[in-house]
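Participant: Attaching a single structure in structure tokens format; questions to follow.
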Amino acid sequence: MTTDNVNSASTNKNQSGEPVIRVNHVSRWFGNVVSVSDVTFDIRPGITGLLGPNGAGKTTLLRMITGLAAVSDGSITVFGESARENSELYRRIGVMSEHETVYQFMKGRDFVKMMGSLRGVRNLDVAADRAINLVDLASAAMRPMGTYSRGMRQRMRLAATLVHDPEILILDEPLNGADPRQRVHFQKLLRQFADQGRTVVLSSHILEEVEQLADTVLLIVNGKLAASGDFHAIRAALDERPYHVRVIADSPRELASALVKLESVEAVNIDPDGALVVLSKNVRDLQIELPRLAQTASIRVRRVEPLDDSLESVFGYLVER
């Protein structure tokens, strides 16, 4: 696979780092049900990951950002304009929804061309071939989409999203059904788009992949913005919850007895395999004290690893609050 043939027409668009999308005190309700409640954030060029459980309000937010749904309160601007009923702005945005919306009988290339035609793309044949090459499906372009695997259908849908060379990509659960090789290719492609100065908003429940891809993370819980920023910075700010650190050492019980005396340690548990799980609210102090303690007691520490320094642990903690 190769992504070297990414069209450079959009390269260096909005390299200033100014907000491309501004969400200002936005709420959306359906009758008595509040789907999104007073959410404010900016999205700049690069890759932004939108995370949250089912029903958190992520898809509603994406629909409002793309102009497919109206806000009940507040405002959303894209490139300084309202996206609602703004046909000129639609041509600058590529949207890939979570739901598979393809015609099973239609050939992949025809599907991509149809989506390009709806976007007013000139030189449809050239544009369609470029987009299909980007997702590495040229060999299957003339097959009916009903013969594709789910991962292939997702990739052809992505080609249809890219056919008009958009400056903004809004992708809702785009990796569903993709195999590991396809995921790696997808990640490289998105990173190239971001490096060109484009804006990518990626909604996904696959936390590890968002962690690897996203420059910024937005966590939506119960229709509210629970946290935003770099996921490591978010995790570091949650000092009220102890970190879990796994320690493998030659004399686990002796080391555990010494560790519980430290101010940085709240509790120590010993797993059945002999590994220690240390709970600490001050993991920096623990990182300094643990080697000293082990050296003084002549205990060999073989491995130290954080158990919850990940997007999944941050997200889980915020959902539980």
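Participant: What number of residues within the stretch 63-81 are of a type in the set (Phe, Trp, Tyr) and within 21 Å of the chain's Cα centre (by Cα)?
Facilitator: Filtering the stretch 63-81 for residues of a type in the set (Phe, Trp, Tyr) gives 79.
Now narrow it down to the ones that are within 21 Å of the chain's Cα centre (by Cα): none.
Count: 0.
Participant: Also: In this structure, does Val314 turn out to be in contact with a Ser or Thr (Cβ under 8 Å, 6 or more places away or on another chain) and closer than 30 Å to Gly49 by Cα? I'd like the intermediate steps shown before the answer.
Facilitator: Details: in contact with a Ser or Thr (Cβ under 8 Å, 6 or more places away or on another chain): no; closer than 30 Å to Gly49 by Cα: yes.
Judged against the criteria, Val314 is not a match.
Participant: Can Val283 be described as at pLDDT below 95 and under 25 Å from Leu51 (Cβ atoms)?
Facilitator: Details: at pLDDT below 95: yes; under 25 Å from Leu51 (Cβ atoms): yes.
Yes, satisfied.
Participant: Residue pairs, Cβ under 6 Å, 6 or more apart or interchain, first in the stretch 155-184 and surrounded by fewer than 22 Cβ atoms within 10 Å (Cβ to Cβ), second of a type in the set (A, V, I, L, M) and in a helix (DSSP H, G or I). List them.
Facilitator: Asp172/Leu62
Participant: For the stretch 207-259, enumerate the residues that are more than 23 Å from Gln187 (Cα to Cα) and acidic (Asp, Glu).
Facilitator: Once the filter is applied, which keeps residues that are more than 23 Å from Gln187 (Cα to Cα) and acidic (Asp, Glu), the stretch 207-259 yields Asp239, Glu240, Asp250, Glu254.
Participant: Is it the case that the stretch 83-99 has a residue that's aromatic (Phe, Trp, Tyr) and crowded, with 21+ Cβ neighbours inside 10 Å? Explain how you work it out, then say what you get.
Facilitator: Going residue by residue through the stretch 83-99, those that are aromatic (Phe, Trp, Tyr) are 90.
Applying the additional criterion that residues be crowded, with 21+ Cβ neighbours inside 10 Å yields none.
Scanning the stretch 83-99, I find no residue that is aromatic (Phe, Trp, Tyr) and crowded, with 21+ Cβ neighbours inside 10 Å, so the answer is no.
Participant: Would you check if Gly151 is in contact with an Asp or Glu (Cβ under 6 Å, 6 or more places away or on another chain) and assigned to a helix (DSSP H, G or I)?
Facilitator: On the way: in contact with an Asp or Glu (Cβ under 6 Å, 6 or more places away or on another chain): yes; assigned to a helix (DSSP H, G or I): yes.
So Gly151 passes the test.
Participant: Still on this structure: Take residues that are under 18 Å from Val314 (Cα atoms) and of a type in the set (D, E, K, R) and tell me which of the strands (runs of 3 or more DSSP E) falling wholly in the stretch 224-287 contain 1 or more.
Facilitator: On the way: elements: 224-229, 243-249, 265-270, 276-280.
Because the criterion is at least 1 residues that are under 18 Å from Val314 (Cα atoms) and of a type in the set (D, E, K, R), the strands (runs of 3 or more DSSP E) in the stretch 224-287 that meet it are 224-229, 243-249.
Participant: Also: Enumerate the pairs (first residue in the stretch 239-263 and touching a residue at least 60 places away in the same chain (Cβ under 8 Å); second residue anywhere and of a type in the set (S, T, N, Q) and surrounded by 16 or more Cβ atoms within 10 Å (Cβ to Cβ)) with beta-carbon separation below 7 Å, excluding pairs fewer than 6 apart on the same chain, so at least 6 apart or on different chains.
Facilitator: Cβ pairs passing all conditions: Tyr243/Ser280; Val245/Ser280.
Participant: Checking Lys281 against (1) loosely packed, with under 13 Cβ neighbours inside 10 Å; (2) under 28 Å from the mean Cα position of the chain (by Cα), which single condition isn't satisfied?
Facilitator: Every condition holds for Lys281 apart from (1).
Participant: Restricting attention to the stretch 193-204, does a residue exist that is in a helix (DSSP H, G or I), assigned by TED's automatic domain parsing to the domain that holds Arg119 and surrounded by fewer than 23 Cβ atoms within 10 Å (Cβ to Cβ)?
Facilitator: yes
Participant: Taking the options Ser251, Ser310, Ser298, Ser264, name whichever one is touching a strand residue (DSSP E or B) at 6+ places or on another chain (Cβ under 9 Å), among the hydroxyl-bearing types (Ser, Thr, Tyr) and either buried (at least 16 other Cβ atoms within 10 Å of the Cβ) or over 30 Å from Thr59 (Cβ atoms) (or both). Give the steps one after another, and end with the answer.
Facilitator: Numbers: Ser251 fails: touching a strand residue (DSSP E or B) at 6+ places or on another chain (Cβ under 9 Å); Ser310 fails: touching a strand residue (DSSP E or B) at 6+ places or on another chain (Cβ under 9 Å); Ser298 fails: touching a strand residue (DSSP E or B) at 6+ places or on another chain (Cβ under 9 Å).
Going through Ser251, Ser310, Ser298, Ser264 in turn, just one is touching a strand residue (DSSP E or B) at 6+ places or on another chain (Cβ under 9 Å), among the hydroxyl-bearing types (Ser, Thr, Tyr) and either buried (at least 16 other Cβ atoms within 10 Å of the Cβ) or over 30 Å from Thr59 (Cβ atoms) (or both): Ser264.
The values are calculated or read from the model by the stated rules, or taken from the named source; none is laboratory data. Given the structure is predicted, the values throughout are model-derived calculations rather than measurements. Neighbour counts run over all protein chains shown; Cβ positions are idealised from the backbone, glycine included.
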